[in-house]
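Worksheet: the structure to be examined is printed underneath.
The values are calculated or read from the model by the stated rules, or taken from the named source; none is laboratory data. Just so it is clear, the structure is predicted and the values come from calculations on it, not from any experiment. For neighbour counting, all protein chains shown are included, and Cβ atoms are generated from backbone atoms with ideal geometry for every residue, glycine included. Ligands, DNA and RNA are stripped out before the accessible areas are found, and what is left, the full protein with its side chains, is counted by its heavy atoms. Shrake-Rupley method; radii C 1.70, N 1.55, O 1.52, S 1.80 Å.
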Amino acid sequence: MNERFHVLKFGGSSLQDPERVSRVLGIVEAAPGPTAVVVSAAGPTTDLLIEAAARAGDGEDHLANGLVEQVQSLVVGNAEAVLGKGPALDDTTPQLEALYGNLRKLLYGVGLLREYTPQTLDLIQSFGERSSALLMAAFLKARGSLARFVDARDWLVTDARFGRALVDWPATAQNLAERADEWREALTVHTGYLGRSSDGRTTTLGRNGSDYTATLLARGLGAEDVTIWTDVSGVMTADPGIVPDAYPLARLSYMEALELATFGAKMFHPRTMIPLIEAGVPLRIRNTLTPDAEGTLVDETGHRDPGKPTSVTSLENVALIDIQVRRLDARPRMAERIQRSLEQKDISVWLSTQSAHGQALSVVVPVEHASRAQEAIELELRAELAAKEVRPLEVWMPTTLLTLVAEAMGRSVNVAGRMFAALGAVGVNVRTIGQSASSRSISCIVDADETSIAVQAVHDAFNFAHQTVSLLVLGKGTVGSELLEQVASQAETLRAAHDIDLRLIGLADQRRLTFEPEGVPPSDWEGRLAAAPEAELGDHGPVTPAVLDRLRRLPVPVLVDVTAADGLEGLYQEAFERGIHVVAANKKPLTIDVPARNALLESARSHYRFYAYETTVGASLPVIETLKDLVRTGDRVQLIEGSFSGTLGYLTWKLMQRKPLAEAVREAKALGYTEPQPQDDLSGLDAARKALILARELGLQIELSDVELEPLVPEKILAETDLEAFYAGLEAHQPELDAQLDAYEREGLVLRYLARVDPKAAANGGKVMKVGPMAVTADHPATRLRATESFVAFTTDRYAEYPLIVQGAGAGGAVTAAGVLADVLRIAQTLRGR
Ligand code: ADP
Ligand code: ASP
Ligand code: MG
C-alpha cells in the first residue's frame, strides 16, 4: 500500500523574512514520506496588493507601483538571501521579473480604466501566492529536493464568486485523484488561496484561504495529516492581540475549531475544517519559530474534559438589528420570514436570536450590510410596521459579537451564568445573547469599544482560576503607604492560596498620577510616583474621567480612596457610572448632606457596583458590617454607643491616670496617634463623623450639624493654631479639668470621650446624636478601654440586656490598611461567586 501524504501549509507570517524562510525549509526537508506543501503570499503581500489595486483604480499609478516595488523587494530579498549568488538565483530572477512585469501591466490597465472589478482584484492578488510558491520550489530544489511548483489553479475548481469563491468539490477531487500519483514522486509546492472558475478565470477563496487550500488538498489526496505552520504555538484561548496571557490549547474538536473560525478567530479560514470533517484527517497547528512545541491537535475527539480551557473569540464590526413585536398573535413565522428576506439579498447573518415568545427578535449582520439588511427586513415586515404591530427597527453599530466555544459546554453547568457574571463584573453591557444550535458555543453582542475588556473578562473567568483585581489608589499618606506595603507582601499568598491576583495599576496624590495597566511594581511605587510628570488636574485632582475611562477597561477595576479629602463623592459617582467599584477609608463622602449621601449610595446600587467603606468607622474592626447584619436581619437598634477616636480614648485614659492634658497630648503626638494639628482630634469632629455614618446606616436622616458635639476642651483653646500657644492654653485649663476629675473620682465615675446614637431621643425632645466627654459608671464597657482602643456597643431588641460589643485597635495606618484590603478581597470573592 502507498504511504499516505503529509500536507504542510505555511502562512504569510512564516515567509516574511529570510530567517523564517530558512526555518520553513528545514521543516519541509525533515518531513517524512510523501509531502505536499501549500504556501501563502509572503508577509503582508496580500494587503499590499489589494492596496495597489485600489491606488491604481484611483489613477494613482506611482503609489500603486511603489506598493508593487515593496512586494517585489520582499520576495527578491528572500531569494537573494536564501539562494545566494549563483545559477539558482540566475534561474529564478527572470521568472520573478516576468511575473512582476505582468502584474505591473495589469495595474497599468486598471489605472487606464480607473476601475477594477472583484475579478481583477483576484487576479492581482494571485501574484502573491504565485511568486511565493515559485520561490519555495526553487529554494527546495537548490538544496537538493525534487521540488516542483504547482499552480493550484490547475486543480482547484470554484464558482465565479470572486473574492469568496465556493469550491466545486467533485471537479476538484477528480483533478486531485488524477495527479496524486505523479505528485507522490516529487515534493510539490502549491499556491494557496487561489482557484479557477470552470471557464478559466482566477478566483480567491477569501482571506486566509490558504488554510482551506491545504485541507482540500489533504482530503483529495487522502492525506494522513495536515499541519498549518504559523507564528503562534497553536490555537490559543483567545486572540493574543487582545488577551496577552492567552495560551495554546492542546486539543480541539473539528466542531470547536469550526465554530471558532466562524465566529471570528482571525487565524484560519472559516471553511478550513470542512474537508477534514468529511475525510477525518487530523490537523495540527504549530509554530514555525518554535518547531518543537506540540501546538494544537484538531480532530474528531478534541478534549473531552469539561474542565479544560475554553476559547473566546470576537467578531468586530457587526450591527445588531432589534425587532420588537407588540402583538404576539400578529403574524406567525416572523423569524423565518426575516431570515429568508436576508438570504435573498445574500446578506450573511452571524447570529439571530428570538425570545421565548417571539416578542423580540434580533439579527446580527456585518456593518457594511446593515442598511441593506434593515431595508430588507422593513420591506418584509411592511404590513406589520404600518399596522404598528412591530415597533420601528433599532440598529446598534458598530458592535462586536463575542463567542465562547467549548465542546463540553452542554455538559457543564451554568456556563452562561458565569459568562454573563464575568461581563457584569466589569460593567459591560450585553445587548443580546444567543446560543448556537450545536450548543457548542454561546454568543453575545457588546458595544465595539468594550471588545477588549469583554473578551479579557470572559477569557479570565473560564481559563484562570484566579481573579485579577485592578487597584487605583488615591492617597499615599499613612494608610496609603501601609496599604501599598501590604499589597506587595500579600500578593503572592493571595494568588497562591486565594486565587486573587491583586494588581496595583495606579497611584495618585494631589498632583501626580502614575498609571501602568501592567501593574506598578509595588516595591517601587514611591519612585514611580515621584518620576510621574505633574498631571493635568481635573475637578478631583489628577484622577480625571479620562483616567477612569482607562481604569474601567481593566479586570475588576477598584478605586481605593485612602485620603481624607473633601468632595470626592463626585469622583465616586463618575466611577460607579463607569462600572468601577469603590473602596474608601475616607469618611467625608458619607458625611455630606443626607440627600447627596443617599444619591451616592443609590448611584452605586443602580450601577451594580460595590461601595465598601468598612474602615471609615473603627478601622478594620467589623463595625459597619455588624450593624448592617443586625438591620438586614430585622433587629431593631435601640442605642449605639462607642468610643471612636483612638486619640481621645488615649487622652481620657491618661487623664484618669491624672496625667496633665498638655503632657498627654505631647506624648500622643510623639507616638503618632494624633493628626498633625492635635486640635483636630480634640474637637471631636472626626468621632462625630464616624457616629454619623453609623446613624445613617440605621436610616436616620441626620445632618452633621444636628449632632450635639462637645469638644474635649473648650472651643477657644482649640481655636489657637500655634502649637505651643495651644499647649499653654491646655495647661491653663488644667485646674478646671482637675476639679472635674476630682468630682468624678468621688462619685466613682470614669471619664471617656463617647458618641451616642439614640434613635428614640427625638421623640422625647432630645438630641439623637451626642458626641463629647462623658462620665460613666465603673460597670460601663468603655471603662475597660486602654490606650487607643476603640469600642462600639449595639443595644438592640435582640441584644437588649447585654449589648453586642465590637472592641479592639480601631485606629492606625496598619489596621486601617488591612481593613481596606479586606474590603477589596470581599469584592473579588463575591464577584467570582466561588
Ligand atoms: P498566517 O500568516 O500563518 O496565516 P495568520 O495571521 O493568518 O497567520 O493567523 C495567525 C494569527 O492569528 C496569530 O498571529 C494571532 O495574532 C491571530 N489569532 C487570532 N485569534 C487567535 C487564536 N484564538 N489563537 C491563535 N491565534 C489567533
Ligand atoms: N494571502 C492570503 C491572505 O492574506 C491567503 C492566506 O494568507 O491564507 O489572506
Ligand atoms: Mg492566515
(message) Please go through (1) under 20 Å from ALA814 (Cβ atoms); (2) of a type in the set (Val, Ile, Thr); (3) outside any helix (DSSP H, G or I) for THR647 and return the number of the only condition it doesn't satisfy.
(response) (3)
(message) Being touching an Asp or Glu at 6+ places or on another chain (Cβ under 8 Å) and of a type in the set (Lys, Arg) is the filter here; which residues of the stretch 202-234 pass it?
(response) ARG219
(request) Inspect the stretch 247-254 for any residue being at pLDDT below 95, away from ligand 3 (no atom under 16 Å from the Cβ), buried (at least 23 other Cβ atoms within 10 Å of the Cβ) and closer than 15 Å to THR313 by Cβ and give the result as yes or no. (result) yes
(message) Could you list, ordered by first residue, the pairs with Cβ atoms under 6 Å in which the first is in the stretch 650-665 and closer than 13 Å to PHE726 by Cα and the second is hydroxyl-bearing (Ser, Thr, Tyr), at least 6 apart or interchain?
(response) ALA662/TYR727
(request) For the stretch 93-116, state whether one or more residues are under 30 Å from MET267 (Cα atoms) and under 43 Å from the mean Cα position of the chain (by Cα). (result) yes
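Here's the yes/no breakdown for (1) at pLDDT 95 or above; (2) away from ligand 2 (no atom under 16 Å from the Cβ); (3) under 14 Å from GLY302 (Cα atoms):
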residue: GLU224; (1), (2), (3): yes, yes, no
residue: THR230; (1), (2), (3): yes, no, no
residue: ASP239; (1), (2), (3): no, yes, no
residue: THR262; (1), (2), (3): no, yes, no
residue: ALA265; (1), (2), (3): no, no, no
residue: MET273; (1), (2), (3): yes, no, yes
residue: VAL281; (1), (2), (3): yes, yes, yes
(request) Please work out which residue is nearest to ligand 3 (Cβ to nearest atom), limiting yourself to the stretch 39-53 and to residues that are open to solvent by 10 Å² or more (accessible area, probe 1.4 Å) and not in a loop (DSSP other than H, G, I, E, B). (result) THR46
(request) Under 7 Å between Cβ atoms, at least 6 apart or on separate chains: pull out the pairs that start in the stretch 606-618 with a residue that is in a helix (DSSP H, G or I) and end on any residue that is of a type in the set (A, V, I, L, M, F, W, C). (result) GLU614/ILE624; THR615/ALA585; THR615/VAL820; THR616/ALA584; THR616/ALA585; THR616/LEU590; THR616/ILE693
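For LYS628, state whether it is out of contact with any strand residue (DSSP E or B) (no Cβ under 7 Å at 6 or more places or on another chain), closer than 25 Å to VAL792 by Cα and surrounded by 17 or more Cβ atoms within 10 Å (Cβ to Cβ).
So LYS628 fails the test.
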(request) Return a yes/no flag: does the stretch 4-11 have any residue that is within 30 Å of ALA279 (Cα to Cα), crowded, with 23+ Cβ neighbours inside 10 Å and more than 16 Å from ligand 1 (Cβ to nearest atom). (result) yes
(message) So, in the stretch 99-112, exactly how many residues are open to solvent by 60 Å² or more (accessible area, probe 1.4 Å) and either free of Cβ contacts under 8 Å to residues at least 40 places away in the same chain or in contact with a strand residue (DSSP E or B) (Cβ under 6 Å, 6 or more places away or on another chain) (or both)?
(response) 4
(message) Can you pull out every residue in the stretch 642-654 that is buried (at least 24 other Cβ atoms within 10 Å of the Cβ) and either of a type outside the set (S, T, N, Q) or farther than 27 Å from PHE794 by Cβ (or both)?
(response) GLY642, PHE644, GLY646, LEU648, GLY649, TYR650, LEU651
(message) With the condition being exposed (fewer than 15 other Cβ atoms within 10 Å of the Cβ), I'd like the helices (runs of 4 or more DSSP H) fully within the stretch 665-780 carrying at least 3 qualifying residues.
(response) 723-747
(message) I need the full set of residues from the stretch 482-496 which are touching a strand residue (DSSP E or B) at 6+ places or on another chain (Cβ under 7 Å), among the aliphatic types (A, V, I, L, M) and at pLDDT below 90, in order please.
(response) ALA491, LEU494
(message) Suppose the filter is open to solvent by 40 Å² or more (accessible area, probe 1.4 Å), of a type outside the set (A, V, I, L, M, F, W, C) and more than 14 Å from ligand 1 (Cβ to nearest atom); does PRO32 pass it?
(response) yes
(message) For the stretch 1-16, give me each residue that is in a loop (DSSP other than H, G, I, E, B) and within 16 Å of ligand 2 (Cβ to nearest atom).
(response) GLY11, GLN16
(message) I need the full set of residues from the stretch 271-290 which are in contact (Cβ under 8 Å) with a residue 40 or more places away in the chain and open to solvent by 10 Å² or more (accessible area, probe 1.4 Å), in order please.
(response) ARG271, ILE274, GLU278, ALA279, PRO282, ARG284, ARG286, ASN287, LEU289, THR290
(request) Any chance you could count how many residues in the stretch 427-478 are within 30 Å of GLY819 (Cα to Cα), hydroxyl-bearing (Ser, Thr, Tyr) and within 17 Å of the chain's Cα centre (by Cα)? (result) 2
(request) Kindly establish whether LEU205 is within 24 Å of GLY264 (Cβ to Cβ), within 12 Å of ligand 2 (Cβ to nearest atom) and buried (at least 24 other Cβ atoms within 10 Å of the Cβ). (result) yes
(request) For the stretch 20-71, enumerate the residues that are charged (D, E, K, R) and away from ligand 2 (no atom under 16 Å from the Cβ). (result) ARG23, GLU29, ARG55, ASP58, GLU60, ASP61, GLU69
(message) If VAL298 meets every condition in (1) at pLDDT 95 or above; (2) outside any strand (DSSP E or B); (3) touching a Phe, Trp or Tyr at 6+ places or on another chain (Cβ under 8 Å) apart from one, which number is that one?
(response) (2)
(request) Could you look through the stretch 493-513, keep only residues that are more than 18 Å from PRO555 (Cα to Cα) and not aliphatic (A, V, I, L, M), and pick out the one that is surrounded by the fewest Cβ atoms within 10 Å (Cβ to Cβ)? (result) THR493
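So is ALA160 of a type outside the set (S, T, N, Q), at pLDDT 95 or above, open to solvent by 20 Å² or more (accessible area, probe 1.4 Å) and assigned to a loop (DSSP other than H, G, I, E, B) or not?
So ALA160 fits the description; yes.
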